[in-house]
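Trainee: Quick one: structure below, then a few questions.
The values are calculated or read from the model by the stated rules, or taken from the named source; none is laboratory data. Just so it is clear, the structure is predicted and the values come from calculations on it, not from any experiment. FYI the Cβ positions are ideal-geometry reconstructions off the backbone, even for glycines, and counts take in every protein chain you see. SASA here: full protein model, heavy atoms, side chains in, ligands and nucleic acids out. Shrake-Rupley method; radii C 1.70, N 1.55, O 1.52, S 1.80 Å.
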Amino acid sequence: MPLLLLDLDNTLIDRDGAFRDAVFAFLSENHLPEAELPWVMAVDAGGYAARHEVAAAMTDRYRGQVPATAVHALLDRGAAGRVVLTDAARNALDKARTAGWTCVIVTNGRTAQQETKIRRTGLDRLVEGWVISEQVGCKKPEPEIFHAAARTVGMPLTGAWVIGDSAHADIAGANALALRSIWVANGQVWSHESYRPTHVAEDVGTAIDHVISATRSH
């Protein structure tokens, strides 16, 4: 069986949910109103905003109320310390491996933070490997990071599937390499006309199940 390349944040794990919980605790601990939650989430932009920009914006907004160290602690460890792996995702990964797929995580982000999430959730025992953008010096949708993922397990990219929630990073990246892809919608509607995923799924469990069944049918 070929490669199954899986995004981490908001695909295998609910990164935004974990970060929201961390922000809620941050606001409570620093005696800030809950009404600040939407602002912080917007600045964070689902984890796609650069960390230094988020840190600068929060430090400026809460100057005199919150020490900069608390802001940095939130951004460095807040979400990573709260992420969980759902039973559905765990079971789907088990099914994929049993069916012979080689599962590799391909994620943008900082190495220490992303590896904490992978190990905390037990994903390190459910996949054959992972690549993190900071670690390999390139990030999705650049073709190099997908090639790096294939190299970690000594397999070709030919025939691989890509599963992820980001249209730009995951689906456009897969399309550029002529790989089949599944967009994890998370309640969103596909809005790009210039490219499309091979399939759309509501969550990672059903996405992995589709890959398994689609391959069996051929």
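Trainee: Assuming Val23 fulfils every condition listed in (1) within 19 Å of the chain's Cα centre (by Cα); (2) open to solvent by 80 Å² or more (accessible area, probe 1.4 Å) apart from one, which condition is it?
Mentor: Val23 satisfies all of (1) within 19 Å of the chain's Cα centre (by Cα); (2) open to solvent by 80 Å² or more (accessible area, probe 1.4 Å) except (2).
Trainee: Going by the conditions given, is Thr86 under 17 Å from Asp9 (Cα atoms), in contact with a Gly (Cβ under 8 Å, 6 or more places away or on another chain) and without any contact (Cβ under 8 Å) to a residue 60 or more places away in the chain?
Mentor: So Thr86 fails the test.
Trainee: Ok, one more. Which pairs turn up if I take residues in the range 153-166 that are crowded, with 17+ Cβ neighbours inside 10 Å and assigned to a loop (DSSP other than H, G, I, E, B) and look for partners that are at pLDDT 95 or above and small (Gly, Ala, Ser) with beta carbon separation below 9 Å, at least 6 apart in sequence or on another chain?
Mentor: Once the first residue is crowded, with 17+ Cβ neighbours inside 10 Å and assigned to a loop (DSSP other than H, G, I, E, B) and sits in the range 153-166, its partners that are at pLDDT 95 or above and small (Gly, Ala, Ser) give Leu157/Ala149; Leu157/Ala150; Ala160/Ala149; Ala160/Ala150; Ala160/Ala174; Asp165/Ala185; Ser166/Ala172; Ser166/Gly173.
Trainee: Tell me the residue from Asp203, Asp165, Asp170 that is closer than 14 Å to Leu4 by Cα, at pLDDT 95 or above and acidic (Asp, Glu), please.
Mentor: Unique residue meeting the criteria: Asp170.
Trainee: Are any residues in the range 82-110 in a loop (DSSP other than H, G, I, E, B), farther than 27 Å from Ala22 by Cα and either hydrophobic (A, V, I, L, M, F, W, C) or touching a Leu at 6+ places or on another chain (Cβ under 6 Å) (or both), and if so, which ones? Steps first, please.
Mentor: To start, the set of residues in the range 82-110 that are in a loop (DSSP other than H, G, I, E, B) comprises 82-86, 99-101, 108-110.
Cutting the leftovers down to farther than 27 Å from Ala22 by Cα gives us 99-101.
Result: Ala99, Trp101.
Trainee: Continuing with the same structure: List every residue pair whose Cβ atoms lie under 6 Å apart, where the two residues are 6 or more positions apart in sequence or sit on different chains, the first residue falls within the range 188-201 and is in a loop (DSSP other than H, G, I, E, B), and the second residue, located anywhere, is open to solvent by 70 Å² or more (accessible area, probe 1.4 Å).
Mentor: Thr198/Arg180
Trainee: Kindly check whether there is at least one residue in the range 194-204 that is aliphatic (A, V, I, L, M), open to solvent by less than 30 Å² (accessible area, probe 1.4 Å) and within 24 Å of Tyr48 (Cα to Cα). Lay out the reasoning, then the answer.
Mentor: First pass over the range 194-204, keeping only residues aliphatic (A, V, I, L, M): 200-201, 204.
From the residues that got through so far, the ones that are open to solvent by less than 30 Å² (accessible area, probe 1.4 Å) too are 201, 204.
Now restrict to residues that are within 24 Å of Tyr48 (Cα to Cα): 201, 204.
Yes, the conditions are met somewhere in the range 194-204.
Trainee: Within the range 57-97, which residues are open to solvent by less than 60 Å² (accessible area, probe 1.4 Å), more than 16 Å from the chain's Cα centre (by Cα) and farther than 18 Å from Ala201 by Cβ?
Mentor: Passing the criteria: Ala57, Met58, Thr59, Tyr62, Val66, Ala68, Ala70, Val71, Ala73, Leu74.
Trainee: Among the residues of the range 26-48, which ones are of a type in the set (A, V, I, L, M) and surrounded by 14 or more Cβ atoms within 10 Å (Cβ to Cβ)? First the steps, then the outcome.
Mentor: Of all residues in the range 26-48, those of a type in the set (A, V, I, L, M) come to 27, 32, 35, 37, 40-43, 45.
Selection gives Leu27, Leu32, Leu37, Val40, Met41, Val43.
Trainee: Identify, from the list Ser213, Ser181, the residue that is in a strand (DSSP E or B) and either without any contact (Cβ under 8 Å) to a residue 12 or more places away in the chain or open to solvent by less than 20 Å² (accessible area, probe 1.4 Å) (or both).
Mentor: Within the list Ser213, Ser181, the selection yields Ser181.
Trainee: Also, I was wondering about something else. Please go through the range 104-129 and pick out each residue that is open to solvent by 50 Å² or more (accessible area, probe 1.4 Å), within 21 Å of Gly78 (Cβ to Cβ) and of a type outside the set (A, V, I, L, M).
Mentor: In the first step, residues of the range 104-129 are kept if they are open to solvent by 50 Å² or more (accessible area, probe 1.4 Å); the result is 110, 112, 116, 119-120, 125, 128.
Still in the running and within 21 Å of Gly78 (Cβ to Cβ): 110, 112, 116, 119-120.
Answer for the range 104-129, where residues must be open to solvent by 50 Å² or more (accessible area, probe 1.4 Å), within 21 Å of Gly78 (Cβ to Cβ) and of a type outside the set (A, V, I, L, M): Arg110, Thr116, Arg119, Arg120.
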